[in-house]
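> One structure, as structure tokens, below. Some questions next.
Just so it is clear, none of the values below were taken in a lab; they were calculated from the coordinates. None of these values were measured; they are calculated from a predicted model. Cβ sites come from the backbone with ideal geometry, for glycine too, and all protein chains shown count toward neighbours.
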Amino acid sequence: MVINELHHYYDDYILVNPRKVYKTEYSFSKDIQSKEELDEFLSNFYLCLNFYETEIFPKLTDIRFLADYVGSVPFEQRSEIVVGGSFPLQLFKKIAILKWGNHLRYEEYKDETQKLIELYAIKKPEKTEEVRLFQKKALKN
């Protein structure tokens, strides 16, 4: 999601590592000591898995659903919807989701983010090059 020119600014904040996202080791608080306990555990496990497969995962892969979620609040209330990251990355994520989901709030978020970045340039003059790259690449469309 971060263009190459900006990547060095965020190397310490972005790392794609599925092991940090998905737990790879599990421990159970209850020892399974009989076939009945195993059957009960597996039954509950399959119910949980089925719920995630039918209710959660499809929504997480549906860009229109995600755009509706992100766009459910106006820009002024943007902090109510969390997508991860710090300024300005979380706003770029929201803009991308809204754009790819063809959501009506896309232009609102894009324009308001542009205004925030301009304020950022005034408050942090040492970030002039970074701001120029934001304006040139990240907010061009």
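> Report the calculated FRET efficiency for Leu38 and Leu119 (r = Cβ-Cβ distance, R0 = 35 Å), to the nearest 0.05. Don't jump to the answer; show the numbers that get you there.
Values: r = 59 Å, r/R0 = 1.69.
Computed FRET efficiency for Leu38 and Leu119 comes out at 0.05.
> In whole angstrom, how far apart do the alpha carbon centroids of the stretch 39-61 and the stretch 65-102 sit?
27
> Still on this model: Hey, any idea what the orientation-averaged projected area of the convex hull of the stretch 33-141's Cα atoms comes to, in nm²? Please report the intermediate quantities before stating the final value.
Numbers: hull surface 39.7 nm².
Computed as one quarter of the Cα hull surface, the answer is 9.9 nm².
> Please work out the FRET efficiency for the pair Glu53 and Leu104, using the Cβ-Cβ distance as r and a Förster radius of 35 Å; give the result to the nearest 0.05.
Details: r = 31 Å, r/R0 = 0.88.
Given R0 = 35 Å and the Cβ-Cβ separation, E is 0.70.
> Could you work out how much longer the chain between Lys93 and Tyr46 gets when fully extended? Use 0.36 nm per residue separation minus the Cα distance between them, nm to one decimal. Write down the numbers at each step before the final one.
Values: separation 47, 0.36 × 47 = 16.92 nm, distance 3.31 nm.
Result for the pair: 13.6 nm of gain on full extension.
> Quickly rank 77-87, 110-120 as a protection proxy: mean count of other C-beta atoms within 10 Å, highest first.
Answer by packing, highest mean first, reads 110-120, 77-87.
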